[in-house]
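What follows is a short report on a single structure.
The values are calculated or read from the model by the stated rules, or taken from the named source; none is laboratory data. Keep in mind that what you see is a predicted model, and the values were worked out from it rather than measured. We place every Cβ from the backbone using ideal geometry, glycine too, and count neighbours over all the protein chains shown. Keep in mind that these areas ignore ligands, DNA and RNA; they rest on the heavy atoms of the full protein, side chains included. Shrake-Rupley method; radii C 1.70, N 1.55, O 1.52, S 1.80 Å.
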Amino acid sequence: MNKLTSYTIKEVHRAYRDKLLTPTSFVDLCLQKVRQTSELNAFVNITEDVAENHAIDSEKRFYIDKKIKPLDGITIAIKDNFCTKNVTTTCASEMLRNFVPTYDATVYAKLINNGACLIGKSNLDEFAMGSGTVDSIFGPTRNPWGYNGETDWRIAGGSSGGSAVAVSSGACIAAIGSDTGGSTRNPAALCGVVGIKPTYGLVSRYGLIPLVNSMDVPGILARNIDDAAEILNCIAGQDDLDSTTIKRKYQPIEIQENFNLSNLRIGIPSEYYCEGMSEEVIDTWRWVADLLENEKVLLKSVTLPHTSVSIAVYSILNQCEVASNMARYDGLEFGLRTNEDYSTEELYASSRSQGFNNVVRSRIFAGNYFLLTRNYEKYFLKALKLRRLIANDFNNVFNGDNRVDLLLTPTTLSDAPLYGDFVSKHNRDQCALQDYCTQPANMAGIPAVSIPIRLSKTTTTTEILSKLNISIDALPQKCQELLKLVACNQLEVDIDQLDPVAISLQQSLQISRKLNEEYEILKLKHKNTELQTQIDRNSKFLDNLRKELNCSRCSLASQTPNPENIQDHIKQMKQRVLSYEESCNKATMKFSKLSVPDSVLPKALQAQLSALNTLHEEVVDWRQRADDVVFTRDAREMFNRLRR
């Protein structure tokens, strides 16, 4: 990862103030990173011109107006189900492949108003229906951890996988996703970044193409908590365009440096320890609990009794609202419209069949089935009642007699699965496994955050072997077992077990050795970036000059007479000669009675006489050229006859 593009918001702004970077140069670095990591397929649309314009505006505020905004010069990516004016918003679907909104989503508008620079729209599962970012018309998004171009790689999680990979790979500082059942936290966990799902109604949903209106929440992905909180402070608050936003005034979040954990009560729900959870996740869960307990945090076991039915309730309500929301895509008002127009029903059927993939169609079918009159009470109403019980479980935990302040749970049941293993399962089974720990928070409307803790054992082993350029499968069984043992021991070593003095001395030594070198490299990179920017701008200027020159040449070529239209030009010149002769004769008659020397004739008459002489000369020249053209044509015809 480019070290500059991995800076935090505070570090980027400090570099701007110290003139080590400028917003335009930093945007260029991020766009360069986007191109370097294109094989990860994190973006469906790179908005290079938009980003450069935003960067120029930020640069003016930084160095001219001196009115710096919180996100000036900070690069962001937006999930491609948020409307962006004059920029295509596809939802990674055939239905909206060419849809260009005429307005901005509130989240995007607030980010731009706070100085952010949009570098692109990120990839997602079609209409955000998935947990792996593998069901997109633009192809799957690949997890950057351990990816080396092989055919089988680890998924990025979904449905906001493109946004998570954009942040994890260093292409941008932060990104916006959407979270319906874990679609922000799931890819954040699998890609090693922070993912926040705000409280329902805290952030406006206006401009977010809906999946499940009662659960959709714009989410935030960043590399640390400070950046995520800064983004949240910029986009949260009441919106008159969204009636579901919280009406009271938003109080910005301030993260304290020294926070006393001894007064914190954290609950561990027993129901989240479930079948299918990997030993590594359980071990990490236990390790974090021990870490908090060492900081004098009060840990207690709590119960959320309806967790076992939550995934079924979520699936039913999800599909019912999907069936309702997808009804607007009928091929008439906007979106894909096929040529099957001999009946309205056939137009609907063909447009929706070609515009939606199998996942979307299956959810529409299931949702309509649950909403049938005979099934409405049996499924939909019962699911709503169970959702209320799930919400009450959280309410009792946070507000009951044995209340806690936070819940500590895993985000996913395992680390990132391989693409081949993941796509071998049905979409319903994928979501049931990946969303088990995340979707209850959406049904209760409460906030949730996923925080990266440590690398998985698989990733650690892969990183070691990749540096050696060795495939783990090519090693003997004994070596594989030893490597796994080494990886396990590395992860189990606590930093507190090492000598802090030795660590400090070693770090100081490394810093002192690299400081001057890194500073020189930084200056060279900065200079190189500025030169490259100037070269690009000069190239654009030269291209424009070439275009103007070609246009001028075409214009001149169209004005120059050729053998086909030379006779027309001669006629025009004759008419002009006759006109000038008539004017000249009238002027001569008018002054013929006066005995005036030619030297004092009126200037207008002199000019007409001069023009007349010039025209006579041009007539002779045109006649000569006409004779030449006729002679050339006759000679060509004679030559052709002789050849035959």
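Residues in the range 383-419 that are hydroxyl-bearing (Ser, Thr, Tyr) and in contact with a strand residue (DSSP E or B) (Cβ under 8 Å, 6 or more places away or on another chain): how many?
Keep residues of the range 383-419 that are hydroxyl-bearing (Ser, Thr, Tyr), which gives 409, 411-412, 414, 419.
Retained after the next criterion (residues that are in contact with a strand residue (DSSP E or B) (Cβ under 8 Å, 6 or more places away or on another chain)): 409, 411, 419.
Final tally of qualifying residues: 3.
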Item to complete: For the range 257-370, please list each of the helices (runs of 4 or more DSSP H) lying entirely inside it that holds at least 1 residues being within 28 Å of residue 88 (Cα to Cα).
Response: 307-325, 344-355, 358-370
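Would it be correct to say that residue 186 is touching a residue at least 12 places away in the same chain (Cβ under 8 Å), open to solvent by 10 Å² or more (accessible area, probe 1.4 Å) and in the same structural domain as residue 118 (by TED's automatic domain parsing)?
On the way: touching a residue at least 12 places away in the same chain (Cβ under 8 Å): yes; open to solvent by 10 Å² or more (accessible area, probe 1.4 Å): no; in the same structural domain as residue 118 (by TED's automatic domain parsing): yes.
Criteria not met by residue 186.
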Item to complete: Could you give me the residue pairs with C-beta distances under 6 Å whose first residue belongs to the range 146-172 and is closer than 14 Å to residue 133 by Cβ, whose second residue is in a loop (DSSP other than H, G, I, E, B) and acidic (Asp, Glu) wherever it lies, and which are 6+ apart or on separate chains?
Response: 158/125; 159/125
Discussion item. I'd like to check something: does the range 593-607 contain any residue that is of a type outside the set (A, V, I, L, M), part of a helix (DSSP H, G or I) and modelled with pLDDT of 70 or more?
Written reply: no
Practice prompt. Look at the range 107-123 and say how many of its residues are of a type outside the set (A, V, I, L, M, F, W, C) and touching a strand residue (DSSP E or B) at 6+ places or on another chain (Cβ under 7 Å).
Written response: 5
Discussion item. Quick check on my filter: what residues within the range 538-553 are within 23 Å of residue 27 (Cα to Cα), open to solvent by 80 Å² or more (accessible area, probe 1.4 Å) and either at pLDDT 75 or above or touching a helix residue (DSSP H, G or I) at 6+ places or on another chain (Cβ under 6 Å) (or both)?
Written reply: 540
Worksheet item: Among the candidates 331, 355, which residue alone is crowded, with 17+ Cβ neighbours inside 10 Å, small (Gly, Ala, Ser) and at pLDDT 90 or above?
Response: 355
Worksheet item: In the range 192-205, is there at least one residue being touching a strand residue (DSSP E or B) at 6+ places or on another chain (Cβ under 8 Å), open to solvent by 10 Å² or more (accessible area, probe 1.4 Å), assigned to a strand (DSSP E or B) and at pLDDT 95 or above?
Response: yes
Practice prompt. Take the range 131-173 and flag every residue that is more than 28 Å from residue 25 (Cα to Cα), crowded, with 24+ Cβ neighbours inside 10 Å and of a type in the set (Gly, Ala, Ser).
Written response: 131, 132, 136, 156, 157, 158, 159
Worksheet entry | Meets criteria (in contact (Cβ under 8 Å) with a residue 60 or more places away in the chain, farther than 30 Å from residue 138 by Cα, assigned by TED's automatic domain parsing to the domain that holds residue 317 and open to solvent by 50 Å² or more (accessible area, probe 1.4 Å)) for residue 372 | no
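Consider the range 371-409. How many of its residues are part of a loop (DSSP other than H, G, I, E, B) and small (Gly, Ala, Ser)?
Just the residues of the range 371-409 that are part of a loop (DSSP other than H, G, I, E, B), to begin with: 371-375, 400-405, 408-409.
After this cut, where a residue has to be small (Gly, Ala, Ser) as well, the list is 400.
Qualifying residue count, the range 371-409: 1.
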Worksheet item: Of these, 128, 116, 109, 105, which one is within 21 Å of residue 6 (Cα to Cα), open to solvent by less than 40 Å² (accessible area, probe 1.4 Å) and either over 17 Å from the mean Cα position of the chain (by Cα) or not acidic (Asp, Glu) (or both)?
Response: 116
Discussion item. Going residue by residue through the range 216-229, is there one that turns out to be assigned to a loop (DSSP other than H, G, I, E, B), open to solvent by less than 20 Å² (accessible area, probe 1.4 Å) and either modelled with pLDDT of 95 or more or of a type in the set (Ser, Thr, Tyr) (or both)?
Written reply: yes
Item to complete: Sort out which residues of the range 293-313 are buried (at least 17 other Cβ atoms within 10 Å of the Cβ) and farther than 21 Å from residue 431 by Cα, and write them in order of number.
Response: 297, 302
Worksheet, complete the sentence: Filtering the range 312-367 down to residues that are on the phi > 0 side of the Ramachandran plot and in contact with a His (Cβ under 9 Å, 6 or more places away or on another chain) yields none
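Can you confirm whether the range 77-90 contains a residue that is within 30 Å of residue 19 (Cβ to Cβ) and among the hydrophobic types (A, V, I, L, M, F, W, C)?
Kept after step one, since they are within 30 Å of residue 19 (Cβ to Cβ), are these residues of the range 77-90: 77-78.
Now restrict to residues that are among the hydrophobic types (A, V, I, L, M, F, W, C): 77-78.
Within the range 77-90, one or more residues are within 30 Å of residue 19 (Cβ to Cβ) and among the hydrophobic types (A, V, I, L, M, F, W, C).
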Practice prompt. Confirm whether residue 236 is in contact with a Phe, Trp or Tyr (Cβ under 6 Å, 6 or more places away or on another chain) and assigned by TED's automatic domain parsing to the domain that holds residue 162.
Written response: yes
